[in-house]
Every structure is written in structure tokens, then in C-alpha cells.
Amino acid sequence: MEVKYTNDGGAGMALGQRKPYFLQRVDGAGGIRQAVSTFHGPGQDGAFFISGSAEMRNVTLEGAVLGDSPGHAAALQRRLLRLFTPKARGMLEIRGLRIPCVVEEVSFAAGAASRAPTFFVSLLCPSPFFEALGESRAELALWEGNFSFPLEIPEGIGIELGIRQPSQIIAVDNPGDVPCGCTVAFSALGSLLNPELMKVETREAIRLNKEMSAGETFRVHTHFAGKRVTLTKGGETSDAFTYMDADSTLFQLAPGLNTLRYNADESLDQLEVTVWYRPLYLGA
């Protein structure tokens, strides 16, 4: 197995079954533990289930530092300590997935030879879910190019340079194990009124009460503990939560297919909608 760790200072390293850091064991990346709340009434058999939530994940790395000499091994230990510094957060990658983490502990123990000490790294993951390495993208409303080079335009007839997608509905597939947040971008090609995106299955909707003008883009982030709305115009970005309709819901994308429908009160053909999301998984 190979893992890669990168701290938020930009330093990174891959650990596998090779020198100088020989990875022997990775624990905590497979299963997940849930904290369950229940209520037990007097004389009741069993209990009522109230709620459950996934607990933090603890991933540990164990291996050996293989140096050419005791001095070389000591230098390799210092390099590992600088990488797994508790002063910086990090990102751990395993089997094509990643998970944000913080360093809880780094320790070393002398092996049979002083030039091959063992190491132990404990990482705490506040969010227990592994993420896809890249974001998925779905475009609900856009113009598709209808020309290529070399370009020849028939005189007196012309050509159609772009085609507007005809449907207001698209199915967005979330291949993850649990619901995930997303980023929704509403971009105005011209003047339009009150853009909206609805999740058809639940009737939850993101609606912005504003007359948008050409060049403006709203970005709505629905991620847990990261919900926000911004407006970009003329290269400047500002907070725009006040434009959110009071009945709006910053919905999550459920595992499987999600049917999304965009709309606007006026000039729907001037609206482009793009959704970015990163699927979440219960283990790597």
C-alpha cells in the first residue's frame, strides 16, 4: 500500500514499501464508527432511536526508517517530523481518495539496529469521510459551440455559432456513499431576474432575489460548516447571503441520481448554471 501526505505548508511525501520510509501498516482507513443517541423509558424493553452521527476518524501509519547509518537515520527522522508537524493541517491520500486531517502524534522507537528505527504517526480526521481527489462538474444551462476550424461561413446564409441546451432539467450522479455539499454557480449572460435551482425529488430550492446583469456570477456553497453565498462582478467578489430567498434550502446531493431543474422569473435564456461537487465515501 502507498499513502501520500501533504501539509498545508505545501510539503508532501509518499510513503510505501520502499526506502527510506518503509510503510508497514495503515489502520483506521476502512471502517467507520457511529455515535448513537437513544431514549429509554421506565419499564421499556430496549430503547427508542433518536439520532446517529459518524464520529471522527483516527488513521495511524506505522513503519520503519531505513537509513544507511545511524546519522542518516536521525536526519530522516527529522525530515519526517518536519513533514508531520502538529503546527499545520494536512491531507492524506489513500487508494485514490483523500481526507483532511491534523497530526495527533509522531513517535519513534529504536529497532534492532540504530539505523532502522520504527515510526508511528497518528492522524485525527474531524470529518470522517474520504473525498474524491477531483471535483465533478455538471452544467445545466449553457451554450455549446457549433463551429470548428478551419471555419467557412457561406455568404448570405451564415452559420449558427452556438446551440442553447433545450432542457431545464439534468440528472446529476453522486457515486459517493453519503450526501455531499456542492457549489452552484449562476452566471448571467444578460439581464435576468431571480435565478433558481430546485432539487426535484425533495422540492428543495436555492433561489436568489436579484435582477442580475451581464457578467455577474453568484456562487452558492452548500457544504456542511462551509455554507456561504458570494457575488462576483467586474473581478471583485463580495458576500451576498442577503440575496438568498428566505425559503431557500442549501441542499445536499444524495447518493445516486439527483434531478436538478433551473429557472428564472424573467429571461431564462440569459442564465447559465454549473454545479461542482466532490463525492464522499465511508472508507478507502
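Here, each number is a calculation from the coordinates, and none is a lab measurement. Since this is a predicted model, take the numbers as computed values, not measurements. Cβ sites come from the backbone with ideal geometry, for glycine too, and all protein chains shown count toward neighbours.
Summary table below
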| read-out | value |
| --- | --- |
| Cβ charges +1 (Lys, Arg) and -1 (Asp, Glu), total dipole of the chain, debye | 1640 debye |
| Efficiency of FRET from Cβ geometry, E135 and A74, R₀ 51 Å, rounded to 0.05 | 0.80 |
| Among G28, V172, P117 the positive-end extreme of the charge dipole of the chain (Cβ point charges) | P117 |
| The chain, relative contact order in percent, only Cα pairs under 8 angstrom and at least six apart counted | 19 percent |
| Cα radius of gyration and Dmax for the chain (Å) | 25.6, 89 |
| Reduced Cα scattering model of the range 188-284, Debye log10 I(q)/I(0), q = 0.12, 0.18, 0.21 Å⁻¹ | -0.40, -0.87, -1.15 |
| At R0 = 35 Å, FRET efficiency that the Cβ-Cβ distance of S238 and Q168 yields, to 0.05 | 0.75 |
| Rounded to 10°, Cα long-axis angle of helix 70-83 versus longest principal axis of the chain | 30 degrees |
| Net charge of neighbours whose Cβ lies under 12 Å from the Cβ of A214, counting Lys and Arg as +1 and Asp and Glu as -1 | -2 |
| Spin-label zone in the range 44-86 - amide nitrogen under 14 Å from a point set 7 Å from the Cα of S107 along the C-beta vector | 60-63 |
| Stretch gain in nm, segment A225-M13, where the contour uses 0.36 nm per residue and the Cα spacing is subtracted | 73.4 nm |
| 29 Å Cα-Cα threshold exceeded, pairs from K19/K87; K199/K227; K87/K233; K4/K233 | K87/K233; K4/K233 |
| Set of the range 4-36 residues, backbone N closer than 15 Å to the point 7 Å along the Cα-Cβ line of E62 | 22-29 |
| Stretchable slack from R203 to T249, in nm (0.36 nm times residue separation minus alpha-carbon distance) | 15.6 nm |
| Hits among aspartates and glutamates - C-alpha to C-alpha of K210 under 17 Å, sequence gap 8 or more where chains match | E196, D239, D245, D247, D265, E266, D269, E272 |
| Unit charges at the beta carbon, dipole of the chain: most positive-side option, G215, L66, T232 | L66 |
| At 0.890 mPa s and 25 °C, Stokes D of the range 176-237 from Kirkwood alpha-carbon radius, µm² per second | 192 µm²/s |
| Volume of the Cα convex hull of the range 1-109, divided per residue and given in Å³ | 145 Å³ |
| V172 long-range amide H proximity, modeled H, under 5 Å | N258, T259, L260 |
| Extreme residue, positive dipole direction of the range 172-284, given options L271, V184, L253 (C-beta unit charges) | L253 |
